[in-house]
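Everything on this sheet refers to the single structure shown next.
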Amino acid sequence: MPPIPGSGLAKGLAVTLRTMTKRAHTAQYPEVQPELPPRSRGVIGLFEENCTVCMLCARECPDWCIYIDSHKETVPAATPGGRERSRNVLDRFAIDFSLCMYCGICIEVCPFDALFWSPEFEYAETDIHELTHERDKLREWMWTVPAPPALDPGAEEPKEIAAARKTAEKAEAAAAAAAAEAGATPPADGTPDGTPDTPAGGTA
Ligand code: SF4
Ligand code: SF4
C-alpha cells in the first residue's frame, strides 16, 4: 500500500511534540558521577597473577598497543628425580590507551582471565605519554573492576568455582584427618593425658 501523503511529516511532528513535553535531563558531571552500566568499557585492569605471558592479547590487539616483555626462568623439580621446568616471568606489561580503541579483543582472547574491563574513565592526561599505563597502574585498575553478576538460579556451577571448592574440601578433610590422628596418638611421655609421672610420695 502506498504511504499516505504527509504521513512522514505527521510522524516527525509527533516525535517533536513528544520530546517538547519531556523535561530536559542535564547530567551534573563532574559534581555528580554518572551511573554507568556495570559492563562499561572504561579502562583495562590486569590481574598479573593469572598472566602466563602467552602473548595472545598482544598478538590479537588490532592497534598493537599492548607491550609485553618477559624472560624465562628455570623452576627446580618438584619431586626428587623429577624434571626441571621453565616458566615465563613477566617483566613489563603496558597498554597505550592513546592508541587503544576499546574493542575488548584482548580481554576476550585472554585464556587465563588476566584482563578485565573496569568502568573507570577519568584518566585523561595532558601529556600523551602518560596514557601508557604500566603494570602497576593496570593492577590498580583491577580493584575497580565490579564483581561478576550472580548466576542464574539453577545455572551449572562454573568449573573454576567447582575446582576451588573441591580443593578447599580436600584441604579441610586432610586437616581434620591430621587432627584426629594427633588426638589418637598417645603423648611421647607414655601417659594418656600427657601429665608427667610423679613418683608416689615424691615431690615435683
Ligand atoms: S581493547 Fe582492543 S585496542 Fe585496546 S588494548 Fe585491547 S585489543 Fe588492543
Ligand atoms: S592473553 Fe592473558 S595470559 Fe596471555 S599475555 Fe595476555 S594477559 Fe597474559
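For the pair ALA174 and MET1, how long in nm is the line joining their label points, each one 7 Å along Cα→Cβ?
7.6 nm
Between LEU13, LEU138, LEU151, which gets the highest mean-square fluctuation from a Gaussian network model of the chain, Cα cutoff 10 Å?
LEU13
Looking at ASN50, HIS25, ALA14, which one has the Cα that reaches farthest to the positive end of the dipole of region 1-100 (charges on Cβ: Lys, Arg +1; Asp, Glu -1)?
ALA14
Using Cβ contacts closer than 10 Å as the measure, can you line up LEU17, LEU131 from fewest to most?
LEU17, LEU131
Which three semi-axes in whole Å describe the equivalent ellipsoid of region 28-142, each the square root of 5 times a Cα gyration tensor eigenvalue, listed largest first?
Over the Cα atoms of region 28-142, the semi-axes work out to 33, 15, 13 Å.
Which lysines, if any, have their Cα less than 21 Å from the Cα of LYS22, not counting same-chain residues under 8 positions apart?
List returned: LYS11.
Using a 4.7 Å cut-off between beta carbons, which cysteines in the chain end up with no partner cysteine at all?
So far as the 4.7 Å Cβ criterion goes, CYS51, CYS54, CYS61, CYS65, CYS100, CYS103, CYS110 stand without a partner in the chain.
Whole percent per 10 Å bin, from 0 to the bin with the longest distance: what is P(r) over all C-alpha pairs of the chain?
All Cα pairs, binned at 10 Å, distribute as 6, 17, 18, 16, 14, 11, 7, 5, 2, 1, 1, 0, 0 percent.
Return a whole-number percent for the relative contact order of region 28-142, with Cα pairs under 8 Å and 6 or more residues apart as the contact set.
38 percent
Which residue fluctuates most in the GNM of the chain (Cα springs below 10 Å): PRO119, PRO34, PRO149?
The residue with the greatest mean-square fluctuation here is PRO34.
For region 89-143, what class follows from the C-alpha gyration tensor (a ≥ b ≥ c being the square roots of its eigenvalues): rounded when a/c is under 1.5, otherwise prolate if a/b is larger than b/c, else oblate?
It comes out prolate by the Cα gyration axes.
Would you mind ranking TRP64, TRP117 so that the residue whose beta carbon has the fewest other beta carbons within 10 Å leads the list?
Going from least to most buried by this count: TRP64, TRP117.
Report the residue, chosen from THR79, THR21, THR52, that carries the largest GNM mean-square fluctuation when the chain is represented by alpha-carbon nodes joined by springs under 10 Å.
Fluctuation is largest for THR21.
Would you work out the relative contact order for the chain, in percent, from Cα pairs under 8 angstrom that are 6 or more residues apart?
About 21 percent, as a whole number.
Can you list the lysines whose alpha carbon sits under 27 Å from that of LYS137, skipping same-chain ones fewer than 8 residues off?
LYS72
Only the coordinates and a few stated rules stand behind these numbers; no lab work does. This is a predicted model, so every value here is computed, not measured. All Cβ positions, glycine included, derive from the backbone under ideal geometry; neighbour counts span all protein chains shown.
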